[in-house]
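Below is one structure, written out as structure tokens; comments come after it.
The values are calculated or read from the model by the stated rules, or taken from the named source; none is laboratory data. Not measured: the values here are computed from a predicted model. Cβ atoms come from the backbone with ideal geometry, glycine included; neighbour counts cover every protein chain shown. All accessible areas refer to the heavy atoms of the entire protein, side chains included, with ligands and DNA or RNA removed. Shrake-Rupley method; radii C 1.70, N 1.55, O 1.52, S 1.80 Å.
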Amino acid sequence: MLRYVLKRLLSLVLSLVVASLVIFAVIEVAPGDPASFMLGVNAQPDTVAALRSELGLDVPKWQRYLTWVGGMVQGEFGTSYTYRTPVAQMVADRLKVSLPLALYALALSTLIAFPAGIYAAARRGKAGDVAVMGATQLGVAVPNFWFAMMMVLIFAINLRWFGAGGFAGWEKGIGPALKSLTLPAISLALPQAAILARVMRSALLDILGEDFMRTARAKGLSRRQALWRHGVRNAMIPVLTILGLQFSFLLAGAIIIENVFYLPGLGRLVFQAISSRDLIVVESVVMLLVFAVITVNFAVDLAYAAVDPRLRTRT
Amino acid sequence: QTAITVAMQLEPPHLDPTSAAAQAIDSVLYTNVFEGLTKFQGDGSIVPGLAESWDISEDGLVYTFHLHDGVKFHDGTTMDGEDVKFSLDRARAEDSTNAQKALFAAVDTVEVVDPLTVKVTLKEPNGLFLFNMAWGDAVIVAPESIENIKTTPIGTGAFKFVSWTQGDKIELARNADYWGAAPALETATFKFISDPTAAFAAMMAEDIDVFSGFPAPENLPQFEADPRFQVLVGSTEGETILAMNNKRPPFDNVKVREAVAHAIDRQAIIDGAMFGYGTPIGTHFAPHNPDYEDLTALSNHDPEKSKALLAEAGMADGFSTTLHLPPPSYARRGGEIIAAQLAAVGIKAEIVNVEWAQWLETVFRGKDFGLTIVSHTEPMDIGIYARPDYYFQYDNKAFQDLMAELNRTTDPAKRSEMLKQAQEMIAKDYVNGYLFQLAMLSVAKAGVEGLWVNAPTAAVDLTVVKWKQ
Amino acid sequence: MNRNLILGGFLSGLFILAAILSFFWTPFDYTAMNIPEKFQRPNGLHWLGTDHFGRDIFSMIMVGARTSIAVALIAVSIGIAIGVPLGLTAAARKGSWLDEIIMRGNDLVFAFPSLVIAILITAVFGPGAVNAIIAIGIFNIPVFARITRGAALSLWEREFIMAARVAGKSAARISREHILPNVTNLLIVQGTIQFSLAILAEAGLSYIGLGAQPPVPSWGRMLADAQTLVAIAPHLAMIPGIAIILTVLGLNLMGDGLRDLLDPRLRVART
Amino acid sequence: MSLLQIDGLSLDIHKTAILKDVSFGIEPGEIVAVTGESGSGKSMTALAVMGLLPERMQAQGAIRLDGQDLLALSEAQMCRMRGQMVGMVFQEPMTALNPVKTIGDQVAETILIHKAMPRDEAYVRAREVLDRVGLPAGRFPLSRYPHELSGGQRQRVVIAMAIALRPKLLIADEPTTALDVTTQAQILELLKGLVDDFGMGLLMITHDLAVVADMADRIVVMRHGEVMEQGPTRALLAEMKHPYTRALFKASTHKVDLPPAPAPAPLLQVRNVVREYRLPRTKLFAPPGVFRAVKGVSFTLNRGERLGLVGESGCGKSTLTRALLGLEEVQAGEILLDGEPVLSGGRPNLKVRRKMQVVFQDPFGSFNPRHRVDRLITEPFHLLDTPPTGKARENAISEALMAVGLRPADARKYIHEFSGGQRQRIAIARALIIRPELILFDEAVSALDVSVRAQILDLLADLCRAYDLTYLFISHDLSVVRTVTDRVMVMQAGEIVEQGVTQEVFDNPRHAYTRKLIAAAPVLPEFAGAKA
Ligand SMILES: Nc1ncnc2c1ncn2[C@@H]1O[C@H](COP(=O)(O)OP(=O)(O)OP(=O)(O)O)[C@@H](O)[C@H]1O
Ligand SMILES: Nc1ncnc2c1ncn2[C@@H]1O[C@H](COP(=O)(O)OP(=O)(O)OP(=O)(O)O)[C@@H](O)[C@H]1O
Ligand SMILES: [Mg+2]
Ligand SMILES: [Mg+2]
């Protein structure tokens, strides 16, 4: 186990190093300069030069890379070129929206997907299964941004049940904050729920063919009891894998949805930072996301062990 | 009701109007939080700001500003001559990062005569000096606030900065110690909604009270038809042009440029891209300016003539070029239409969508482009045609001399004459394709009064805004 | 016999046909603007109406199908062309440093936030169909590498592979002659699914303006253009949205159908 | 009145008959064995009793348990019967338990699901039952997980689950087929003991006639879904009225005639071979553990000799095979074929390898399903410097196929078109095609039905006569090894504990382990076959 953890840690560090190099290289190659972006079309060349040196952009690239990486190792993410606030602070602010949104969406998707997947598996081949599977097929096919557009049209503009977007802020209380995250969370969650439900169903169907399910039935468990008591937990491994992937996706992949609902989240921060060439923000946030994904995967692996005792010993 | 929520499309990168070009900074802070010696009014005229009055020497070289008494910064310190000197010197310093450093180029020295009197000496007469001092980049700041100005701006205006939730909103509150007339509003919130659909939805859902610079003109008819809302249509200082690379063949040939100009159907662009909002222009000058001359007839839509001109230039079969389009929809949508119109006369323009950062790098600095569409939003900026290194690279000695002369001229009548001459010169040289003056479109709830209709500079002046009772 | 396959094949076939047909014929020139005729609802002349420039939506949907399918197809092909050999190699050299490198590399690509990288790629090279292909293609590589390796590993345990080794065949040759043919079914099924995902990804990228550039229509950009117009002309947003949904739905159904048809393991489990 | 009475049970699926008019009964305390070749419907009969038939299968007739017709019960009523009135044990102990639940939970579940007693009592009972099946509390706490148990131990857990509520009837479907002989003997002993203690009826399904003869009070012989013959064990074995029963018994006791082996001349020399597997590191800086699967094995195989290797599951037989074939490196010792090493410096020695071929256990898994037979059996040609082409290749194929009793025309077929026995013939054809000097058979007949197995063994004997084969025959089935080898080696935990002339080893086992093995192997009573 320890060796396993160490191996994972090593590959985590290696991944981060490679990731930092890739990110840095890609961003440095991108045409566009933060200083001239900041100063606009009327700026005089000496002004731009002054700003570049103020931002520390006039030193050689490798030196900048080392400063950046060195800073990150010490937990120092640097200061945004455009916003002139500490990157760590900005990221923390954005996470207050992105993280709850991701968790909210994940919770919704789990709440929808688990019952739907289990129901469909229990009713394999019957009308209920066909209906649920049809719905999930549709759910997988719907682009989430399109779905979001339709939801805004219906629930915000026509019915006016929800605000069209924006984030109320946690200081206004949990209720309003969650309400403002509801439509975005639904648009993120539904397609994910469809995938999750499908995985749940097929994992369960695989389990249904296992010998121990027959054993359970021979003990006198009904089909449904066997499914719940013996099927669901065994089906968790593939489901957890997907959940892990989805969480990582939700953290970083909500860019479009954040835009549609103008939420001040992490995705939009990167998007803005890229277009204003706020290199240090982009670099740091991407690193953070890579780190998050790797950590989530790690957590998922640990969760495997929680559901499957075979993975607890050895390896 | 004494609170208002104003939405804008872009969020300020930081809050120092004197060290960035971003208009969003001015939109939030100009006159609300920061004030200059002079200031713009909604109709574009210049009125006294922190300077109560001023004297100009005979030769036009010495400006003596008399400051208002009892003006305090939001941190409680007094605003006096030293602050003015500091602000102006900071902007023109060697290591200044002022995006409009050129505004101060004429200044020779700044002297504090007494706490309420400042004497500014110019190197040469400048007819635009008072106008220049009204820009957001020339506001008066306190030396001790500089360190944190980008996150906590301290000005002299009627509103104090309260908080900024990045990515979301900025909050302002009424300044109880304001030296001038107290504003009607007590608090104001600026919200940033970049997505046009979201903008529409937010307005429709009444999440916001005002949307300044509404990004989706196609939706305005719906607001017009809705009694809950009012739509304000004004003009900006933005001349939207199809810029041509005057040094790069074939655009170095005036015949080709003329052909391009005649290939363009301005009305179709205004209708198609701006849904009818925008005034056609025939030169680089704002139509609401008293000195404006309507030269659109010089470049009327005439594809046949365009083809003929191309043939004359030896390019009967047309040619291929690139069309760089920055993000705003006037460029992206307008570009699609222009590409189609150019195609009709045989010019194949390959669309290259770019972000602003890329546009600045490749088009503006690298001058690596054939055509591009951009709106020049700086007020009174015909002077850029006198800069041969400017991105469209128009190099005409006669025009440059005219501009130099204009700068030295303070007589209004003479200036007016020269400006007209300049407009004609560039229109007849077909330096660029002149499309339309960008409209200022705002949507507000029906009860909001006092909003600027036009945008002589980027500003949402809340000092005069109030709710109808 | 297989409902999914038939329905899925029909739906995706419809759009593939439209894409091919668009090379030779569209009801109107898809670039032709006619601004006075804008925002027409579906009618006899313009079957699906016209957009904000008065262009014929039906023609644009046809050409858009071409864009979507071409981008997705090439992207998935890149994924297969690079991912499958990597997966086969990793499996053949299981436990070696080569395997380790390939798998770690895979994990790394997986760990990158794909959308952010796609945006970065276009920030460097500029937006365009080719860059969308690269961005989507890169993230397809680890998918195929991983499933190929997984399937290949279990095949390597099989006795017929052992028999081939006893027969003196090299690992490369065994991979090519025995492993590859036995993973093709899996690859076909996964390929169909990745294809549909790639179509969604392309739509997403075009939607934020990073896909195919005008005047070439793409469904995602049609949606982006329609965004602010939903209230005025909902069909502008509905039609491309439905086109995407139907195509992806068709491909997914087809994937399911193919799986039922090709995967003997599932066929047995069905009894 | 019988405990279980099956009357005229017929089953069909999609109009195909699976069972035809099956009738037999079981008394309390009686052991009834159902036997017959693979696919004869044994398992379906058992599942019909449990009411756990595949969904689309239709059952007709009557199955009466204590006079109650099970086929007439609703699903809910059947659930109440299962576990309480009838318990069932399945063949595969490795997969019959839920891997994520403790054995205590799984045993107690039988009790709890029927609400037979409160929770804590249920766990007390679970403990008792596990003790009863030979899993004492000291070594096997309730908190153990299935993966921490061996196959035999798992089978005990499954049995414990089945008997937790003392059902009147216990059904065991091939309960020991997956276990090795010694474990099998223990489990059978356990089952017998339970029947005696609890007075249960036991319906025991097995294809192993030796087991049947040993255990059962009555025997039911099935074929193609029909009962061929049934009766009390003694009487049935003595009379064997039905020709099929006779054929079955004959095949089970099949003996082949091997031609005499030539004078000894070493072909394969194995000296002190050690094969280790690396275990995952348990402590950070401790060296990784190693598991020695083969511990210093030495033997010599002479040209023309037929050598057997026996030992229980997991003792290292297959590992040794892979080492001999040069597929894996050994950590110590040397393997010489005709004086040359099979692996030199990690690279296979092709010259040596072409002298050696192998036939594996699984007739289904050893062929690429996508290739035709001709391509499959010519695969070893890769070992030749100049593989035959055209006519020569076709001749080689025809010859190999005919040698194993197939037709040359079969060369164009795919593997799925053949039965298990035919596939194993093809595997042998593949091994023969380059005329190797040595063939390794790794459990080559273990997966086959008795009658098919008899045919393959005959084929081996024929081939020995025709080709002077030298082979190493690996099996856990002592009776098979006994008839097809000249010499035999007994392997235990990676070591060869005894070797010698087959007959002598079997008649006079010297090592304790060999004795244990032989004692545990069930034998058919002699009185049967003679009368055929
Ligand atoms: N789910 C099913 N669907 C259709 N046919 C089946 C199914 N299960 C079994 N059969 C068929 O029913 C027949 C009897 O099968 P059964 O499993 O009872 O054989 P068996 O005697 O137990 O054989 P073995 O010794 O191999 O276990 C076989 O021909 C088999 O192919
Ligand atoms: N790759 C491996 N890594 C670690 N241990 C292994 C590996 N392969 C086999 N073993 C172990 O080596 C021992 C011998 O295995 P082997 O397969 O040779 O047994 P066997 O005698 O052929 O058994 P069976 O009769 O079940 O086929 C077993 O304990 C097994 O668990
Ligand atoms: Mg069976
Ligand atoms: Mg083995």
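The accessible-area loss of the stretch A:179-211 on complex formation, taken against its chain alone with a 1.4 Å probe, reaches 50 Å² or more at A:D211.
With a 1.4 Å probe and all protein chains left in place, how much of the accessible area of chain A comes from carbon and sulfur atoms, in whole percent? Carbon and sulfur together cover 69 percent of it. Within the full protein context, the accessible area of D:E276 is estimated at about 40 Å² for a probe radius of 1.4 Å. Values of log10 I(q)/I(0) for chain B across q = 0.12 Å⁻¹ run -1.10, by the Debye formula with one identical scatterer at each alpha carbon and no solvent.
Based on alpha-carbon atoms, the Kirkwood radius and the radius of gyration of the stretch A:1-135 give Rg/Rh equal to 1.21.
Scan the stretch B:1-73 for GluC sites (Glu not before Pro) in coil per DSSP, keeping those whose Cβ has at most 16 other Cβ atoms within 10 Å, and list them by number.
Here the sparse-neighbourhood loop sites are B:E58.
For chain D, with all protein chains in place and a probe radius of 1.4 Å, 50% of the accessible heavy-atom surface sits on carbon or sulfur. Shielding of peptide A:261-269 by partners, expressed as the average count of other chain Cβ atoms within 10 Å per residue Cβ, is 5.
Within the stretch C:162-185, list the residues whose amide N lies under 17 Å from a label point set 7 Å along Cα→Cβ of D:H382. Under 17 Å, as judged by backbone N against the label point of D:H382, lie C:162-183 of the stretch C:162-185.
Within the shell of other residues whose beta carbon sits under 12 angstrom from the beta carbon of D:Y123, the net charge comes to -2, with Lys and Arg scored +1 and Asp and Glu -1. Inter-chain Cβ neighbour count for B:163-174, averaged per residue, equals 4 (cutoff 10 Å, partner chain atoms only). For the stretch D:87-166, the Cα gyration tensor yields ellipsoid semi-axes of 18, 13, 11 Å (square root of five times each eigenvalue, largest first, whole Å). In the stretch C:38-58, the residues whose accessible area drops by at least 30 square angstrom when the other protein chains are added to the isolated chain are C:K38, C:H52, C:F53; the probe is 1.4 Å and only protein heavy atoms count.
When nucleic acids and ligands are ignored and a 1.4 Å probe is applied, A:F114 ends up with an accessible area of around 40 Å². Among the listed pairs B:K39/B:K169; B:K101/B:K169; C:K169/D:K351; A:K179/B:K169, which are separated by more than 20 Å between their Cα atoms? Violating the 20 Å Cα-Cα cut-off are B:K39/B:K169; B:K101/B:K169.
From the square roots a ≥ b ≥ c of the eigenvalues of the alpha-carbon gyration tensor of the stretch D:440-532, which class results: rounded (a/c under 1.5), prolate (a/b over b/c), or oblate? It is oblate, given that a/c is not under 1.5 and a/b is not larger than b/c.
Put simply, when A:135-141, B:400-406, D:68-74 are sorted by average Cβ atoms within 10 angstrom per residue, most first, you get A:135-141, B:400-406, D:68-74. Inter-chain Cβ neighbour count for B:90-102, averaged per residue, equals 5 (cutoff 10 Å, partner chain atoms only).
Each peptide among B:254-263, B:133-142, C:102-111 gets the average number of other Cβ atoms lying within 10 Å of its residues, and from highest to lowest they stand as B:133-142, B:254-263, C:102-111.
In terms of packing, defined here as the mean over residues of other Cβ atoms within 10 angstrom, the peptides C:175-187, C:26-38, B:428-440 line up highest first as B:428-440, C:175-187, C:26-38. Accessible surface calculations at 1.4 Å, restricted to protein heavy atoms, place chain B at 35 Å² per residue. Scanning residues 5 or more positions from D:G308 or on other chains, those with amide H under 5 Å from its amide H are D:F473, D:D486, D:R487, D:V488, D:M489, with H placed 1.01 Å from N in the peptide plane. Proximity of backbone amide H atoms, modeled 1.01 Å from N, is registered between B:F436 and B:T240, B:I281 at under 5 Å, excluding neighbours fewer than 5 places apart on the same chain. Seen from D:R275, the other residues with C-beta closer than 11 Å to its C-beta sum to a net charge of 0, counting Lys and Arg as +1 and Asp and Glu as -1.
Basic side chains Lys and Arg get +1 at the Cβ, acidic Asp and Glu get -1 at the Cβ, and with that the dipole of the stretch D:87-166 about its Cα centre reaches some 100 debye.
Using equal-weight Cα scatterers in the Debye expression, the normalised intensity of the stretch D:369-435 in log10 at q = 0.12, 0.15 Å⁻¹ is -0.25, -0.40. When only alpha carbons of the protein assembly as shown are considered, Rg and Dmax amount to 42.6, 143 Å.
Spin-label pair C:L14-B:A398: with each label point 7 Å from Cα along the Cα-Cβ axis, the two points sit 6.5 nm from one another. Here the translational diffusion coefficient of chain C follows from Stokes-Einstein with Rh set to the Kirkwood radius across Cα pairs; for 25 °C and 0.890 mPa s it amounts to 121 µm²/s.
With contacts taken as Cα pairs under 8 Å and at least 6 residues apart, chain D reaches a relative contact order of 15 percent. Calculated over chain D, the projected area of the Cα convex hull averaged across directions stands at 28.4 nm².
In this assembly, the A-C interface accounts for approximately 3300 Å² of buried accessible surface in total, computed with a 1.4 Å probe and without ligands, DNA or RNA. When the solvent-accessible area of chain B is split by element, carbon and sulfur atoms take up 50 percent of it, the probe being 1.4 Å.
Neighbours of C:A172 by Cβ distance under 13 Å: Lys/Arg scored +1, Asp/Glu scored -1, total +4. Give the longest segment of chain D that steers clear of chymotrypsin sites (Phe, Trp or Tyr not before Pro) in DSSP loops with at most 13 neighbouring Cβ atoms within 10 Å, not counting the sites themselves. Answer from the scan: D:1-284. Evaluated at q = 0.18, 0.24 Å⁻¹, a Debye calculation over the C-alpha positions of the stretch B:134-199 (equal weights, vacuum) places log10 I(q)/I(0) at -0.83, -1.16. In this calculation the C-beta distance from B:A413 to A:R160 is compared with R0 = 56 Å, giving a FRET efficiency of 0.45.
GluC sites (Glu not before Pro) within the stretch D:1-99: which are DSSP loop residues with at most 15 other Cβ atoms inside 10 Å?
Hits after loop and neighbour filter: D:E55.
Compute for chain A: radius of gyration divided by Kirkwood radius, i.e. Rg/Rh, restricted to C-alpha atoms, rounded to two decimals.
1.06
The residues of the stretch D:87-166 expose on average 37 square angstrom of accessible surface per residue, using a 1.4 Å probe on protein heavy atoms. Computed from point charges on the beta carbon alone (+1 for Lys and Arg, -1 for Asp and Glu), the dipole magnitude for chain D about its Cα centre is near 1180 Debye. Of D:D507, C:D260, B:D411, the residue with the largest accessible area leads and the full order is D:D507, B:D411, C:D260 (1.4 Å probe). Beyond 30 Å in Cα-Cα separation lie the following of the pairs B:K85/B:K414; B:K307/C:K38; D:K255/D:K295: B:K85/B:K414; D:K255/D:K295.
For the stretch C:95-112, backbone phi angles converted through the Karplus equation (6.51, -1.76, 1.60; θ = phi - 60°) give residue-by-residue couplings of x, 7, 5, 5, 4, 4, 4, 4, 5, 5, x, 4, 4, 4, 4, 4, 6, 6 Hz, Gly and Pro being listed as x. Pairing chains A and B buries close to 3700 square angstrom of accessible surface in total, based on protein heavy atoms and a 1.4 angstrom probe. Could you work out the longest stretch of chain D that avoids the trypsin sites (Lys or Arg not before Pro) located in DSSP loops with at most 16 other Cβ atoms within 10 Å? By the stated rule (loop sites, at most 16 other Cβ atoms within 10 Å), D:140-240. Working note: Cα atoms of the stretch B:175-239, range along each principal axis, descending, whole Å: 42, 33, 24.
The value for the stretch A:132-213 of Rg(Cα) / (2.2 N^0.38 Å) is 1.48.
Report the accessible surface area buried between chains A and D, summing both sides, using a 1.4 Å probe on protein heavy atoms only, in Å² rounded to the nearest 100.
By this definition, chains A and D bury close to 2700 Å².
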